[in-house]
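Here is the structure we will look at.
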Amino acid sequence: MGKIFYKSSIQTKCTTIIYACIFFFVASIIFEYLLTKKNSQLIRKGHINITKKISVTSLHLLVVFLLYLNMFGLMTYNMNIILSIIFGNVVGFMLFGMADKNKIRKIENVGCCHSG
């Protein structure tokens, strides 16, 4: 039974491993983008209407889906896939997360009583 499972798994062909690594790399970048987008929508001040709740909820659904997808990739114990997930998260954070941190700091500093 184990041989049948591993024959069809992603550990059998080199091209399949490369495609899986590219897939998980891109999925990790998209995960970081969606996580940043969701956090920036939650931080914004203003009236919360039903459309905003639906958009934040749908973003949360996509974030959780990609999180579990990355978890399944990690559970293959394939170092190529694990490294592609890690590098995808790093690249995604460098592209999207660092810019969002500056926006968060600007929002937090509005209305501050003191400087320092």
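Dipole orientation for segment 12-92: of the candidates 56, 89, 31, 56 has the Cα lying most toward the positive pole (charges on Cβ; Lys, Arg +1; Asp, Glu -1).
A Cα-only calculation for segment 12-92 places Rg and Dmax at 15.3, 53 Å. Each Lys and Arg Cβ is given +1 and each Asp and Glu Cβ -1; about its Cα centre, segment 12-92 then shows a dipole of about 400 debye. Pairs of Lys residues in segment 12-92 that lie 8 or more places apart, or on two chains, and have C-alpha atoms under 24 angstrom apart add up to 6. Taking 0.36 nm per residue of separation and subtracting the current Cα-Cα distance, fully stretching the chain between residue 16 and residue 98 would add 26.3 nm. Ranked by the mean number of other Cβ atoms within 10 Å of their residues, highest first, the peptides 56-69, 75-88 come out as 75-88, 56-69.
Rule-based calculations on the coordinates, nothing more; no lab input. Fair warning: this is a prediction, and the values are worked out from it, not measured in the lab. Ideal geometry is used to build each Cβ from the backbone, glycine not excepted, and the neighbour counts take in all protein chains shown.
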